[in-house]
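Novice: The structure that follows is given in the form of structure tokens.
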Amino acid sequence: MNTDMEEKKTLEQWVECLSKLYLPLLKHSHQALKEMGAYEDVSMAKLSNIALTDPGLSLALLRAACSMPRSRLQDEIHTVDAAAMKLGAGNITKAIEAIPFLEDSIDDASKTLYMQIIARDYHAAYQAYGFARERVDMAPEELFTAAMLHGIGTLMLLIHGNGVLAKCSTLNDLDSQKETLGFSLTQLSHALAQRWKLSSFIVQSLEKYDENERLNPRLYEVQLASQVAISAEKGWQTEEMETLIEKIATHLRCDIEAAILGVRDNAIHSADETVFYGVTPAAASLPDLDEDILKTFSPPASDADDKEISTAPQKQRKAPPAASLAVIDEPFSPLNHAIFDKVVQDIKAQLADEFNLAEFMSLIKRGFQDGLKLNRAFFAMLEPDKKNLICRFIFSNETGLRNLRIPVNNHNLFQRLLDKPQAIRCRQENQHKVIPLIPQAFYKFININQFFVMTIRTKGKALGVVYVDRYGNDYGLDQTDYETLCQLCQLLSKGFERLGR
């Protein structure tokens, strides 16, 4: 922590000082990176999955990539995996080695506050990602990244501000922030994002907005997600939350019950993925929460009463050891038959009625993610020149898919699928035959030996393929999964046929 800073600075002075500094790295992230192996041998998606739970790591990679020269024709760096791909293994190593550990940078009370803030931001990021998925956004990971970085100003002051945040009675109160600092913490985040030349979308997501103005739907979703994460810490059954749910339902054009279910699921998933933060997540206070779920991510009861992020000293919360996380002894399918059957019923009704592509794709996505519990699922369409498959629709939470291109040549697996439509389940019994047919770069990217791939056809013509797997957990793909996947893919084909009428 820097001690040579004056306590009273203008926004511009803070930006000048803080922009030269970095957020620290979580030791948990460092350990996960070590276990991952050499960066040149790891998919960018796997690296970004670790980075996105650690704003210090995410920010370091984004800043390093955004500071590199680029031509006018090159896209902005919107996501961590895009930053990692631009940097390359050597620069990734340099960026990570340049930042200290959080645990070595601040005291226990400040560390707890730091973890509370990033838990809130991760929750907001998951909500934003969920909203974007429901709207069939082509790059929902961009919203995740923007929402996860919402609190960078607060975190920078907490680490490098020489205790200035302690003068705010609560970090939730805008008036208290402005009275103490002379500016809001969001204003600081925005100014830092500009100084670091982060993407225009990240910068815009931090700008002040008027709810009466019509926002870009993507920016609106980031704002809604941030409000949900803050409101959830005050309670799930409040008038404020009811108003937010109504806004979400209106925006996503769904009923209130569907909006509640979506927000609830997002909160649980975000908490489940960040147990190692060691703080009570907002999901712990969800009404009617299953006790078994609560036990997987709830810290000791003595810490569970913190509803609002406060600068007052708190007891240090110790993250549960890795051994306490759920471990599945024998792989089995997590298929939720009730959700899957309901999705199939709704899809068939959609096909028989007035067809809406966004609603149809939302149902398909729900089937893949909530029914089949797949971690990575996408539809790749054949390009007009028939040389590559390009990822067109993403049905999962996996990042790194947006710019994915799969070569179709040399009689590889994908060329065979397009020439002779079929469904293939890669498993232990046939790996020796299937894997040699996979393009080397794609096999390195998926980093798994159990997957499903099926040709999607309409009117006798191959449009592309669906690829799915359960990368990142202990589940495999069994025969029941195979049969239900085929059913869902056949419905997807019918949807494309309906679209082409």
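Derivation of every value follows stated rules applied to the coordinates shown; laboratory data play no part. Quantities reported herein were computed from a predicted structural model and do not represent experimental measurements. Backbone-built Cβ (ideal geometry, glycine too); neighbour counts: all protein chains shown.
Novice: In the structure shown, do any of Lys111/Lys444; Lys208/Lys234; Lys111/Lys178 have a Cα-Cα gap over 29 Å, and if so which?
Specialist: From the list (Lys111/Lys444; Lys208/Lys234; Lys111/Lys178), the Cα-Cα distance tops 29 Å for Lys111/Lys444.
Novice: Please report how far the C-alpha centroid of region 416-492 lies from that of region 217-245, rounded to the nearest whole angstrom.
Specialist: Rounded to whole Å, the Cα centres lie 38 Å apart.
Novice: Give the shape of the chain as rounded, prolate or oblate, defined through the alpha-carbon gyration tensor: a ≥ b ≥ c are the square roots of its eigenvalues, a/c under 1.5 means rounded, and otherwise the shape is prolate if a/b is larger than b/c and oblate if not.
Specialist: Verdict is prolate for the chain.
Novice: Hey, another quick one. Mind ranking 335-345, 120-130 by how tightly packed they are, going by the mean number of other C-beta atoms within 10 angstrom, highest first?
Specialist: 120-130, 335-345
Novice: Can you work out D for region 152-244 in µm² s⁻¹ from Stokes-Einstein, where Rh is the Kirkwood radius over C-alpha pairs, the temperature is 20 °C and the viscosity is 1.002 mPa s?
Specialist: Taking Rh from Cα pairs, D becomes 146 µm²/s.
Novice: May I ask you to order 355-368, 477-490 by the average number of other C-beta atoms within 10 Å around their residues, highest value first?
Specialist: Highest-to-lowest ranking by the protection proxy: 355-368, 477-490.
Novice: Could I ask something else about it? Between Arg195 and Asp341, 0.36 nm times their residue separation minus their Cα-Cα distance comes to what?
Specialist: 47.5 nm
Novice: Would you please classify the overall shape of region 447-488 from the alpha carbon gyration tensor, given that a ≥ b ≥ c denote the square roots of the eigenvalues, rounded means a/c under 1.5, and beyond that prolate means a/b larger than b/c while oblate covers the rest?
Specialist: oblate
Novice: Still on this structure: Restricting to the chain, what percent of DSSP beta bridges are antiparallel, rounded to 5?
Specialist: Bridges in the chain that DSSP calls antiparallel: roughly 95 percent.
Novice: For Gln13 and Leu289, what is the calculated FRET efficiency with R₀ set at 45 Å and r taken between the beta-carbons, to the nearest 0.05?
Specialist: Efficiency computed from Cβ-Cβ geometry: 0.50.
Novice: What pairs in Lys459/Lys494; Lys295/Lys342; Lys34/Lys94; Lys27/Lys94; Lys27/Lys86 have C-alpha atoms more than 20 Å from each other?
Specialist: Pairs exceeding 20 Å: Lys295/Lys342; Lys27/Lys86.
Novice: Mind ordering 58-68, 221-231 by average Cβ neighbours within 10 Å, highest first?
Specialist: Ranked by mean Cβ neighbours within 10 Å, highest first: 221-231, 58-68.
Novice: Based only on Cα atoms, what Rg/Rh ratio does region 62-178 have, Rh being taken as Kirkwood's radius?
Specialist: 1.02
Novice: Counting pairs of alpha carbon atoms under 8 Å apart in space and at least six apart in sequence, what relative contact order in percent does region 337-499 give?
Specialist: The value is 23 percent.
Novice: Let me ask something else about it. When each pair of different Cα atoms in region 337-499 is counted once in the 1/r mean, what is the Kirkwood radius in angstroms, to one decimal?
Specialist: Its Kirkwood hydrodynamic radius stands at 16.0 Å.
Novice: Could you work out [θ]222 nm for the chain from helices alone, using -39500 (n - 2.57) per DSSP H run of at least four and dividing by all its residues? Round to the nearest 500 deg cm²/dmol.
Specialist: Value at 222 nm, helices only: -15000 deg cm²/dmol.
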